[in-house]
Structure formats: C-alpha cells, structure tokens
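Since the structure comes first, as structure tokens, the remarks are kept for the end.
The values are calculated or read from the model by the stated rules, or taken from the named source; none is laboratory data. Here the structure is a predicted model, which is why all the values come from computation and not from measurement. Cβ placement follows ideal geometry from the backbone for every residue including glycine, while neighbour counts extend to all protein chains displayed. Heads up: the accessible areas ignore ligands, DNA and RNA and are worked out on the full protein's heavy atoms, side chains in. Shrake-Rupley method; radii C 1.70, N 1.55, O 1.52, S 1.80 Å.
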Amino acid sequence: MRFVAFLLALLAITAFSQEDPMRARPAHHGPKAFFNPGYPWHEPPVSVTAPFFLRRFATSLMGAKAGTPDRVANDGAFLRQNALGSVPSVTWIGHSTVLVQMGHVTFLTDPIWSRTASPLPIGPRRYVAPGLALEDLPHVDFVVVSHNHYDHMDLETLHCLARRGTRFFVPLGNARLLEREGIGPVEELDWWDSRTLGEVTIHSVPARHWSRRGVSDLNQALWSGWVVHASDRRFYFAGDTGSFSGFEEIGARLGPFDLAALPIGAYSPSAMMAPSHLDPEQAISAAESLAAKRSIAIHFGTFDLSDEPLDEPPRRFRAASARAGRGDAVDWVLKVGETRLW
C-alpha cells in the first residue's frame, strides 16, 4: 500500500510539474513581453508619428518657451526638519517627481534632476529648474520608479540618490539595468505585490502604458503605478498611464486615497498619446474612480513632450475639476518647489 501511495504521489507531482505554464501566468505577462490586458496595442500611422517626431526634434533645439509653470524658492529646511516628525507633506519637484513625507518616511516618485530627458545631449529639455536642489533634499528613504522611459527613470539622478543610501522599488524587469549601473539596493515588484518598510506599505499597482529604452527591448520591462499607505494616510502615484478600468479596481482594493498624484500632460496628438497618457479631464475622472480626497497634477510643463501648449493642461485640469464639483481646494496645481501639507 505504501508503494502504491508513493506512485500516486509521484504521478501527482509529475502532472503538476508538466502543467501548461500559461495557466499560472498573470494576465499582463506575455511569452516575451508585458502588455495591457483588455487594451490591444494599435500602432499609430506613420502620417501621425513622423511629423510628430520632427516637431519634437525642432522643439528640442529651441530656447525658453512660454507657459511654463511658476516656480517658488525652496531651500529644503522645512523638509529636512519634517523628516524627523513627518507631518504629511508633498512637494512638486517638477514633471512626475514629487517628494512625499508620511508615516515617518520620505520618498520620491520618478526622480529626474537632469537637464534633458534623453540618452543624448539633445532631446526634450528641461524648461523649469527642479523645485529643490539635490543637495538640499532630506534623507530619502526610498524611490518608486514607474517605468523605464528616460523622463521617468533618470540614471544620473538615481546614482546620486544611491550614494546617499536610498532604496529603490521598480516594476519587474527593471532591476537588471539599475544593478548593472551600480544603483541599489533595488527590488522588483509585480502588479499587486507589496513590501513593508518601517511604518509604511508599498504596493505596485497596474497602469496602462508601455516601456522601451533601446531599439529591441519594447515592453520587456513592466510599468506600474504605486500606492504607499501608513496608518493615517494613503497616497497613490499613477506614473504614466492611459485611461483604463484599473482605477476602479485600485480604488476598491487599496483606497480611498488621501492624495493621488495624477499625470495631466502629453496628450496631443490623441491618435498617438491616448493609449498611454491621461488628458486633464480623464485625470479628474480617475481621481473620482480612485476615491481620492485630493489630487495633485503632475507630468506637465517641465519638459515639452507633446503638441499641446505648456500651459493648457493645468487650465483644463482646473476647469474639469470645477465642473465635477471638486475645485482647487481638492485638485491641486502646485508651483514647482511648492510644499503643501495633506
């Protein structure tokens, strides 16, 4: 009988080991790359992309542009002191970079201090200086990176933070690049994975986007949003994302949120940008789906990445917020360098 039981157990183990690996694969994992479940990719026509890239190249050669966000001086003194007591605060550094203090930790989202968002000296240039000098930062406990595009994963900045003892959390497939560059410690998370650090829990959550840093690595590294929650605050960072049903699921599983950082720029031309970026009206809709008590507008004005005027996204964001009955007290447009408590 023991021999029969052994054979049955062996057969069960063998059957399990030979199961179709696709059965256990998450919906956003493909055989060779990641993708957005429910949102098939449609390549925009060359008649849209070719003129767009020509316009972007011409823009990169231009000087200062009108419509950039206002900037306020910030020497970091309050933030360095606040890191000891951690009254919840948020500071817009520019683009998708925000400095958040909550739960007795200080962290950054998609930090970029570089002058261009490009692997080359030419490319999208910075039109507004960072809201805080790197040397004036408080100690940054950790960084969350949403994906590997150059305006979100800036290796020069990450090197500087690594030398200061910062930890890094990235979506799947991104740690190899950072480790190769000597940036760490770094940990990869898949969607819905979480880690606890001190008094906060960090969650990787779905987003609708894509990834690429070179010619042959399309979507081979994952993209994500991030949620950080402490006992008294919940913060959501969308990273880069198009509009998708995931906002409702994120809100249901991890919300409601006290503050959501939502991208509002880089939406024109819509034939090219809509699958991967929110427009201002969609950002307000996302805030409502997430059950966000407050939101902060990001991803506009610092770099000129698309065709809309630099000052159009915040104007449309404020108007959409007013129409939704929310208003400026709920949906914030900060100056670069501005700190608010939340």
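With all protein chains kept in place, the per residue accessible area of segment 194-283 amounts to 33 square angstrom at a probe of 1.4 angstrom.
Against the chain, whose longest principal axis comes from its Cα atoms, helix 280-289 is set at around 50 degrees. The charge dipole of segment 142-190, taken about the Cα centre with unit charges on the Cβ atoms of Lys, Arg (+1) and Asp, Glu (-1), comes to about 220 debye, rounded to the nearest 20. For the pair segment 80-94 / segment 318-335, the C-alpha centres are spaced 23 Å from each other.
For a paramagnetic label modelled on Arg340 (point 7 Å from Cα along Cα→Cβ), amide N atoms under 11 Å away belong, within segment 290-304, to 294-298. Can you give me the % of accessible surface on the chain that is carbon or sulfur? Probe 1.4 Å, all protein chains present, nothing else counted. C and S fraction of accessible area: 57 percent. Accessible surface for segment 85-171, divided over its residues, is 29 Å² per residue with a 1.4 Å probe. Looking at segment 130-201, none of the chymotrypsin sites (Phe, Trp or Tyr not before Pro) sits in a DSSP loop with at most 14 other Cβ atoms within 10 Å of its own Cβ.
Springs join every pair of Cα atoms under 10 Å in this Gaussian network model of the chain, and among Leu61, Leu155, Leu120 the largest mean-square fluctuation is at Leu120. Taking 0.36 nm per residue of separation and subtracting the current Cα-Cα distance, fully stretching the chain between Glu199 and Asp217 would add 2.8 nm.
Placing unit charges on the Cβ atoms of the charged side chains and taking the dipole of the chain about its Cα centre, the candidate lying farthest along the positive direction among Leu99, Thr339, Gly165 is Gly165.
Remark: segment 233-342 carries a charge dipole of roughly 540 debye about the Cα centre, counting +1 on each Lys and Arg Cβ and -1 on each Asp and Glu Cβ.
Within the set [x] 30, 52, 12, 5, 1, 0; [y] 30, 57, 10, 3, 0; [z] 30, 46, 16, 6, 2, 0, the number that P(r) over Cα pairs in 20 Å bins from 0, in percent takes when calculated for this structure is listed as [y].
Placing a pseudo-label 7 Å from each Cα along the Cα-to-Cβ vector at Glu181 and Asp136 gives an inter-label distance of 2.5 nm.
About its Cα centre, the dipole of the chain is roughly 100 debye, where the only charges are +1 on Lys and Arg Cβ and -1 on Asp and Glu Cβ. The length gained on full extension between Glu288 and Ala50, counted as 0.36 nm times the residue separation minus their Cα-Cα distance, comes to 82.1 nm. One chain, two ends: Ile122 and Ala66. Fully extended at 0.36 nm per residue, the span grows by 18.2 nm beyond their Cα-Cα distance.
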